1. Find the residue count for region 395-405, including only residues that are in contact with a strand residue (DSSP E or B) (Cβ under 8 Å, 6 or more places away or on another chain) and surrounded by fewer than 18 Cβ atoms within 10 Å (Cβ to Cβ).
2. Can you pull out every residue in region 389-416 that is in contact with a helix residue (DSSP H, G or I) (Cβ under 9 Å, 6 or more places away or on another chain) and of a type in the set (S, T, N, Q)?
3. Sort through PRO160, PRO140 and tell me the only one that's within 12 Å of ligand 1 (Cβ to nearest atom) and either surrounded by fewer than 18 Cβ atoms within 10 Å (Cβ to Cβ) or modelled with pLDDT of 90 or more (or both).
4. Could you figure out which of (1) within 22 Å of SER416 (Cβ to Cβ); (2) touching a Gly at 6+ places or on another chain (Cβ under 6 Å) isn't true of GLY267?
5. Counting only residues that are farther than 15 Å from VAL296 by Cβ, touching a Gly at 6+ places or on another chain (Cβ under 9 Å) and away from ligand 1 (no atom under 15 Å from the Cβ), how many does region 211-245 have?
6. Could you figure out which of (1) away from ligand 2 (no atom under 16 Å from the Cβ); (2) within 26 Å of the chain's Cα centre (by Cα) isn't true of THR137?
7. Which of the residues that make up region 352-390 are buried (at least 17 other Cβ atoms within 10 Å of the Cβ) and of a type in the set (Lys, Arg)?
Amino acid sequence: MKVLVVGGGGREHALVWKLAQSSKIDKIFCAPGNAGTAQIAENVSLSDGDIAGLLNFAKQNEIGLTVVGPEVPLVEGIVDTFETAGLRIFGPNAKAAILEGSKVFTKELLAKYNIPTAEYQRFTDAADAREYLNTNTTYPIVIKADGLAAGKGVLIISNPEDAEQGIREIMEDRVFGDAGSEIIIEEFLTGPELSMLCFVDSETIVPMVSAKDYKRIGDGDTGLNTGGMGAISPNPLYDQELEDFCLANIIEPTLTGMRQEGRPFKGILYCGIMLTEAGPKVLEYNVRFGDPETQVILPRLDTDLLDVFEAIIDDRLADIDVKWDNQTCATVVLASGGYPEAYPKGLSITGLDQVESSIVFHAGTKLEDGKVLTSGGRVLTVTSKALTVAEALKISYTNIEKIEFDGKTLRSDIGS
Ligand code: AMP
Ligand code: GLY
């Protein structure tokens with residue numbers, strides 16, 4: 001079978017790497033891919049948002065299965081387009097992907113089905129949002145753009161000046177475009193965070209091993225929010241009791257709610273949860289694998305990932321025995337200098353051939369004249385497996401010293 005993976009980050013390199021282990025796959029294409037996917041797949045120069053181009057490519061190349069990494073094409077209906085054309089594709093359709101595509105939809109769903117989440121108000125009018133903040137607010141407070149904003153649409157606000165700036169930028173200046181035509185203002189929650197990812201078909205939920213993402217750019221969880229600067233699996237706070245609680249009180253009622261709303265979900269469901277003193281509460285849903293969580297979860301999967309994807313599409317997930325390796329896994333992200341704000345591109349990366357005992361998943365890299373160059377904010381994720389997270393991290397940090405590019409930026413405290 002020929003498989004097409006859509007996307008070009010560390011998550012997609014990990015997906016390609018795992019799928020390449022399947023004996024049932026003859027060839028993998030990755031669109032657009034990166035310098036890492038180019039080593040094990042054939043990169044296709046189509047952007048992940050070019051749904052018509054991807055459909056055309058899949059038809060012409062007799063792709064047996066398309067796997068979608070990022071959220072934007074899912075929210076924009078790539079699954080619907082492929083299914084209408086009679087092609088097999090893994091992921092939720094647009095009606096179900098709204099769980100990530102609209103924070104307002106998700107908050108209303110959570111409220112309707114009594115699923116624990118932060119208290120919130122929704123606003124389509126900037127004047128109403130200002131009046132609410134002037135009369136009701138104790139800080140900090142959280143402002144969220146309704147739609148997709150490349151992970152940047154969540155503002156933690158600690159004073160009225162920043163609140164004013166946030167409302168102006170999102171609702172009036174439209175820095176995130178139409179994603180800012182409505183906002184949520186919600187209660188600020190505190191506690192450790194948990195990423196809970198599940199395989200989901202129409203009837204069955206199979207939770208994956210747990211992970212913890214390190215979202216801030218700086219050591220000690222300081223500085224700006226990023227897409228994620230590292231991850232470990234398992235999450236040390238996770239146990240069977242917590243999994244059972246989150247399944248029964250969060251994941252199951254969400255999926256039941258989606259069915260009742262005529263939006264049955266299948267694919268990867270990623271729930272961002274905060275473990276507050278009042279219990280676990282939903283921060284957000286994503287409708288795809290996390291990045292960099294995927295880079296620590298898939299190396300622990302013993303089952304053929306193709307079998308899992310095919311079973312989900314055919315609603316046979318209950319028949320699959322999803323098995324995990326007991327070893328732990330850790331990944332450390334190497335980012336460009338300046339990330340998550342402006343950063344240079346096209347810098348030469350050296351030392352990749354010196355790496356031992358780690359898997360280097362590429363994120364923002366490209367091949368030019370046989371050389372690997374930086375091409376994004378998060379450049380590489382250096383992943384290791386070992387019996388303990390501390391040991392896995394030691395291997396990753398040792399290898400990281402061998403890899404160089406100008407401005408190389410990383411957290412030295414992943415796992416803490
Ligand atoms: P989200 O994209 O909704 O996951 O938000 C990104 C990050 O913002 C989360 O991982 C949390 O660290 C933080 N966040 C989101 N909502 C809240 C909240 N209500 N209270 C505190 N932090 C939040
Ligand atoms: N690591 C967070 C995300 O993938 O959304």
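1. 1
2. Selection gives ASN399, SER412.
3. Criteria check complete, one pass: PRO140.
4. Of everything listed in (1) within 22 Å of SER416 (Cβ to Cβ); (2) touching a Gly at 6+ places or on another chain (Cβ under 6 Å), GLY267 misses just condition (1).
5. Selection size over region 211-245: 1.
6. (2)
7. Residues satisfying the conditions are LYS366, ARG378, LYS385.
A quick yes/no check of all residues on (1) on the phi < 0 side of the Ramachandran plot; (2) in contact (Cβ under 8 Å) with a residue 60 or more places away in the chain; (3) surrounded by fewer than 17 Cβ atoms within 10 Å (Cβ to Cβ):
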{"position": "HIS13", "(1), (2), (3)": "yes, yes, no"}
{"position": "VAL16", "(1), (2), (3)": "yes, no, no"}
{"position": "ASN43", "(1), (2), (3)": "yes, no, no"}
{"position": "ASN56", "(1), (2), (3)": "yes, no, yes"}
{"position": "VAL68", "(1), (2), (3)": "yes, yes, no"}
{"position": "ALA85", "(1), (2), (3)": "yes, no, yes"}
{"position": "ASN93", "(1), (2), (3)": "yes, no, no"}
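The values are calculated or read from the model by the stated rules, or taken from the named source; none is laboratory data. This one's a predicted model, so the numbers in the text were calculated from it and none came from an experiment. Note that we place each Cβ from the backbone using ideal geometry, even for glycine, and neighbour counts take in every protein chain shown.
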